[in-house]
Protein chains: 2
Amino acid sequence: MPSISPSRRTRSTPFTERVEACGVSAYTVYNHTLLATAFRSVEQDYWHLKQHVQLWDVGCERQVALCGPDASRLTQLMTCRDLSRARVGQCLYAPLVDEAGGVLNDPLILKLAEDRFWLSLADADILLWAKGLAYGLGLKVHIDEPAVTPLAVQGPQSDALMAKVFGESVRDIGFFKFSRLPFQDAAFVVARSGWSKQGGFEIYLDRPDLGAALWDALWEAGREFAVAAGCPNGIERVESGLLSYGNDMTRANNPLECGLGKYCHHERDIEFLAKPALQQITRKGIQQRIMGLRIDAQALPPCRDTWPVMHNRLSVGQVSSAVVSPELGAIAFAMLKSEVWEPGQRVQVMTPAGDTHPATVVDLPFI
Amino acid sequence: MPSISPSRRTRSTPFTERVEACGVSAYTVYNHTLLATAFRSVEQDYWHLKQHVQLWDVGCERQVALCGPDASRLTQLMTCRDLSRARVGQCLYAPLVDEAGGVLNDPLILKLAEDRFWLSLADADILLWAKGLAYGLGLKVHIDEPAVTPLAVQGPQSDALMAKVFGESVRDIGFFKFSRLPFQDAAFVVARSGWSKQGGFEIYLDRPDLGAALWDALWEAGREFAVAAGCPNGIERVESGLLSYGNDMTRANNPLECGLGKYCHHERDIEFLAKPALQQITRKGIQQRIMGLRIDAQALPPCRDTWPVMHNRLSVGQVSSAVVSPELGAIAFAMLKSEVWEPGQRVQVMTPAGDTHPATVVDLPFI
């Protein structure tokens with residue numbers, strides 16, 4: 001592939017110098033920010049992630065901060081997940097859905113205080129959505145994108161490494177919970193979360209001047225655990241059933257067909273934008289659903305766009321992400337029509353190279 | 001630089017196959033879409049653009065379409081430029097500004113009908129801003145991102161090439177005007193516009209299935225003019241004083257300090273969001289302004305982030321884009337404080353390599 005062209009517009013982070021010193025080999029752009037996609041190779045990075053511990057510059061997970069008397073109301077208006085019982089110190093995976101039922105993002109919402117939230121975003125300018133709603137509805141809420149750049153520590157040795165830098169109390173942080181832990185003269189939000197299923201933490205750096213020091217402290221402490229630079233891994237995330245906004249779901253999809261039904265609380269007594277649309281979709285029933293595919297193939301081209309899924313010469317869906325897993329072989333996410341979405345169903349996947357591969361529908365996650 | 005990683009999320013366009021067949025060497029991502037930044041080299045592309053004619057895949061200029069009874073009102077609410085006398089068939093360069101006076105984008109607005117507009121966008125999800133405002137204010141307007149991908153024809157031979165494909169009437173299209181011209185069984189909006197000062201057109205392809213045919217027709221007709229694939233050129237656009245949203249201005253800037261005062265109509269009897277903020281900024285006077293710099297340097301590193309501008313050991317501003325022009329030498333855009341913004345002023349530019357270069361403030365554009 002061609003190289004990526006540097007500019008201020010595709011922002012660097014406080015960790016970029018370290019990422020490049022570690023030999024990043026490929027980037028993407030995510031929330032107008034550089035995001036590494038490979039160091040040695042996606043497959044080598046995959047094995048390392050599953051065995052050791054990695055530092056990931058996920059500064060591209062930009063935060064939209066909502067603060068003020070109407071912050072709680074606006075946050076709830078944007079998501080179909082019931083936030084009424086959320087507690088301070090909790091991270092909540094929460095689809096953001098528009099008034100037509102279209103998914104706009106799928107952030108983690110961090111409840112920092114009763115009147116203060118961070119939306120840790122997938123790739124879209126939700127700042128503009130929140131600002132537009134707040135202005136139009138006349139809400140009393142301050143909305144901004146603070147200088148917060150998360151650093152993820154992921155992999156089975158994450159607890160051991162983090163305990164060396166942040167103290168043993170880090171082990172007590174529950175899944176999708178966060179604490180504020182000291183580092184030098186600062187204190188960072190540290191959450192047990194991250195975009196892999198290998199365990200780990202995300203450290204919400206809000207002091208850009210300490211970025212290099214934080215990286216270096218984790219790096220030094222991590223030598224005994226074979227720490228390496230890493231990034232969200234294209235293979236591991238498909239194996240683990242982690243959907244990517246913009247790849248596996250877009251504004252054209254509703255959360256119910258994306259397998260996010262357990263976060264859709266349109267039957268509860270709460271107010272949010274998508275409620276009437278989701279009620280209507282539930283009455284009609286969904287027409288398609290994201291499922292897994294096990295593809296009969298030894299190799300696949302890069303999945304740069306959707307690939308048609310066929311059955312009896314008719315289009316019955318589309319693949320949105322496809323990888324060859326060293327452990328599972330060729331696997332994919334596919335949005336499938338109801339006539340073929342049952343596990344065990346056989347279908348055909350057409351790749352851009354012109355090949356047709358048989359495939360079997362399976363439940364998610366793969367592992 | 002590392003390579004760019006392909007995915008559905010960083011969208012391809014109907015022209016991407018042709019762009020890659022022509023040997024694109026570097027990409028950026030713009031509006032979640034691939035945008036070429038170099039083919040042979042930025043300097044070789046520069047000379048070719050100034051002498052011949054190029055095809056640019058600017059499908060990343062995504063359109064936000066506003067349609068309906070309140071489309072005109074919402075479009076005006078978003079921009080500080082007076083649209084009251086805009087006519088159908090006109091393209092209007094129009095800063096979008098929020099209620100605090102911050103620039104959110106600087107699209108061309110195409111007035112397709114009295115109740116129908118396209119915002120041909122710089123890099124930000126203005127769809128979400130427009131949708132948020134419309135929902136909050138209860139406006140009757142349909143907002144969408146249609147499958148429109150512009151192809152630009154730029155360079156001194158643009159008229160001759162376009163006349164061969166679209167007929168002689170293309171020569172009659174005035175600057176920043178558009179007509180709908182036939183191509184095969186379709187008709188495309190064709191505007192005399194584009195992100196260079198070398199002359200040319202933008203063809204708003206709204207039939208993705210005809211993308212390859214359109215490219216090929218222009219390519220065949222262009223052989224006699226030495227047509228080549230090109231892209232917005234980093235050197236030419238700085239020479240010509242074309243600001244890049246996200247590079248040279250952000251939401252932290254107001255349009256007055258960005259040299260966009262002639263598009264700020266906050267003294268007129270029109271209603272838009274930024275009006276009170278711009279009135280207040282005008283009363284106080286701006287504190288900084290984008291100016292040109294001629295830098296005493298033979299070579300510069302890539303401008304990946306802002307560079308400090310110093311005077312008497314004090315910070316007096318920042319460079320946002322810097323290039324070495326074959327014709328003008330080292331030049332840059334810089335946001336400068338009032339004490340140094342007068343043309344002729346000498347300042348120092350500090351590059352990330354640690355070098356300090358003397359520079360002279362000059363008016364824009366350079367050419």
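For a quick protection proxy, order the peptides A:212-224, B:242-254 by their average other-Cβ count within 10 Å, most packed first. Intermediate values should be presented prior to the final figure.
On the way: A:212-224: 16.1, B:242-254: 21.1.
Put in order of decreasing packing, that is B:242-254, A:212-224.
Output ³J(HN,Hα) for segment B:186-192: one whole-Hz value per residue in order, computed from phi by the Karplus curve 6.51 cos²θ - 1.76 cosθ + 1.60 with θ = phi - 60°, and x for Gly and Pro.
Per residue, the Karplus-derived 3J(HN,Hα) values read 10, 9, 10, 5, 10, 10, 7 Hz.
Can you tell me, using C-alpha contacts under 8 Å and at least 6 residues apart, the relative contact order of segment B:1-98 as a whole percent? Please list the in-between numbers first.
Working: 82 pairs, mean separation 18.2, N = 98.
Across segment B:1-98, relative contact order equals 19 percent.
Roughly how large is the B-A contact in terms of buried accessible area, totalled over both chains, probe 1.4 Å, nearest 100 Å²? Kindly include the intermediate steps, with their values, before the conclusion.
Values: alone 16420 and 16420 Å², together 27920 Å².
Buried surface at the B/A interface: approximately 4900 Å².
For A:Pro301, place a label point 7 Å out from Cα along the Cα→Cβ vector, do the same in each other copy, and report the separations in nm, one decimal, smallest first.
For A:Pro301, the other copies' label points sit at 3.8 nm, shortest first.
What net charge do the residues around B:Pro255 carry, taking every other residue with its C-beta under 13 Å from that of B:Pro255, with Lys and Arg at +1 and Asp and Glu at -1? Walk me through the numbers before you get to the answer.
On the way: positive: B:Arg81, B:Arg251, B:Lys262, B:Lys275, B:Arg289; negative: B:Asp98, B:Asp106, B:Asp248, B:Glu257.
Its environment carries a net charge of +1.
Put a point 7 Å out from Cα along the line to Cβ at A:Glu20; what are the distances to that point in the other copies, in nm, shortest first?
2.6
Sort shortest first the distances from A:Ala186 to its counterpart in every other copy, using label points 7 Å along the Cα-to-beta-carbon line, and give them in nm.
Those label-point separations list as 4.9 nm.
Two-decimal Rg/Rh of segment B:1-50 from alpha-carbon positions, Kirkwood Rh? Don't skip to the answer; put the middle values down first.
Working: Rg = 11.4 Å, Rh = 11.7 Å.
Answer for segment B:1-50: 0.98.
Using just the helices of the protein assembly as shown, give the 222 nm mean residue ellipticity in deg cm²/dmol: DSSP H runs with n ≥ 4 each add -39,500 (n - 2.57), and the total is spread over all residues, rounded to 500. Don't jump to the answer; show the numbers that get you there.
On the way: 16 runs with 146 residues, N = 734.
Dividing the helical sum by the residues of the protein assembly as shown leaves -5500 deg cm²/dmol.
Considering only the other residues whose Cβ falls under 11 Å of the Cβ of A:Val362, what net charge follows from Lys and Arg at +1 and Asp and Glu at -1?
-1
Whole-Å semi-axes of segment A:147-251's equivalent ellipsoid, largest first, each the root of 5 times a Cα gyration tensor eigenvalue?
On the way: eigenvalues 113, 51, 37 Å².
Taking √(5λ) for each Cα gyration eigenvalue gives 24, 16, 14 Å.
Just order B:118-130, B:148-160, B:278-290 by mean Cβ neighbour count inside 10 Å, highest at the front, would you? If you can, show how the numbers build up before the last one.
Details: B:118-130: 25.0, B:148-160: 22.9, B:278-290: 14.7.
Per-residue Cβ counts within 10 Å, averaged per peptide and sorted highest first, yield B:118-130, B:148-160, B:278-290.
Counting heavy atoms of the protein chains only and a 1.4 Å probe, report the per residue accessible area for segment B:147-253 as a whole number of Å².
Values: 3720 Å² over 107 residues.
Here the per-residue accessible area is 35 Å².
If you roll a 1.4 Å probe over the heavy atoms of the protein chains, what accessible area per residue do you get for segment A:258-309, in Å²?
On the way: 2840 Å² over 52 residues.
With all protein chains present, segment A:258-309 gives 55 Å² per residue.
From other protein chains only, count the Cβ atoms within 10 Å of every residue's Cβ in B:6-18, then give the mean.
Values: counts 9, 13, 14, 14, 7, 3, 2, 0, 0, 0, 2, 1, 0.
For peptide B:6-18, the averaged partner shielding equals 5.
How would segment A:104-148 be classified by its alpha-carbon gyration tensor: rounded, prolate or oblate, with rounded meaning a/c under 1.5 and the a/b versus b/c comparison settling the rest?
Details: a/c = 1.79, a/b = 1.15, b/c = 1.56.
It is oblate, given that a/c is not under 1.5 and a/b is not larger than b/c.
Using only the Cα atoms, work out Rg/Rh for segment B:89-225, with Rh taken as the Kirkwood radius, to two decimals. Walk me through the numbers on the way to the answer.
Values: Rg = 16.5 Å, Rh = 16.3 Å.
Result for segment B:89-225 is an Rg/Rh of 1.01.
On average, how many beta carbons from a partner chain sit within 10 Å of the beta carbon of a residue in A:135-141?
Values: counts 9, 10, 6, 2, 1, 0, 0.
Other-chain Cβ atoms within 10 Å of each residue's Cβ, averaged: 4.
Wrap a convex hull around the Cα atoms of the protein assembly as shown, take a quarter of its surface area, and give that in square nanometres. Intermediate results must be reported in sequence, preceding the final value.
Details: hull surface 126.5 nm².
Spelled out: convex hull of the Cα atoms, projected over all directions, averaged, 31.6 nm².
Shape of segment A:22-102 from its Cα gyration tensor (a ≥ b ≥ c, root eigenvalues): rounded if a/c is under 1.5, otherwise prolate when a/b > b/c, or oblate? Intermediate values should be presented prior to the final figure.
Working: a/c = 2.62, a/b = 2.22, b/c = 1.18.
The shape class here is prolate.
Of all accessible surface on chain B at a 1.4 Å probe, what whole percent is carbon and sulfur? Walk me through the numbers on the way to the answer.
Working: 6880 of 13960 Å².
Percent of accessible area from carbon and sulfur atoms in chain B: 49.
If you build the convex hull over the alpha carbons only and average its shadow over all orientations, what do you get for segment A:211-335? Give it in nm² to one decimal.
Values: hull surface 49.6 nm².
Across all orientations, segment A:211-335 yields a mean hull projection of 12.4 nm².
Sort out for me the Cα centre separation of segment A:270-318 from segment B:70-141, rounded to whole Å.
So the separation of the two Cα centres works out to 33 Å.
Given axes a ≥ b ≥ c from the Cα gyration tensor, I'd like to know whether chain A is rounded (a/c under 1.5), prolate (a/b larger than b/c) or oblate.
Details: a/c = 1.81, a/b = 1.13, b/c = 1.61.
It is oblate, given that a/c is not under 1.5 and a/b is not larger than b/c.
The values are calculated or read from the model by the stated rules, or taken from the named source; none is laboratory data. Remember, predicted model here, so these are calculated numbers, not experimental data. Ideal geometry is used to build each Cβ from the backbone, glycine not excepted, and the neighbour counts take in all protein chains shown. Keep in mind that these areas ignore ligands, DNA and RNA; they rest on the heavy atoms of the full protein, side chains included. Shrake-Rupley method; radii C 1.70, N 1.55, O 1.52, S 1.80 Å.
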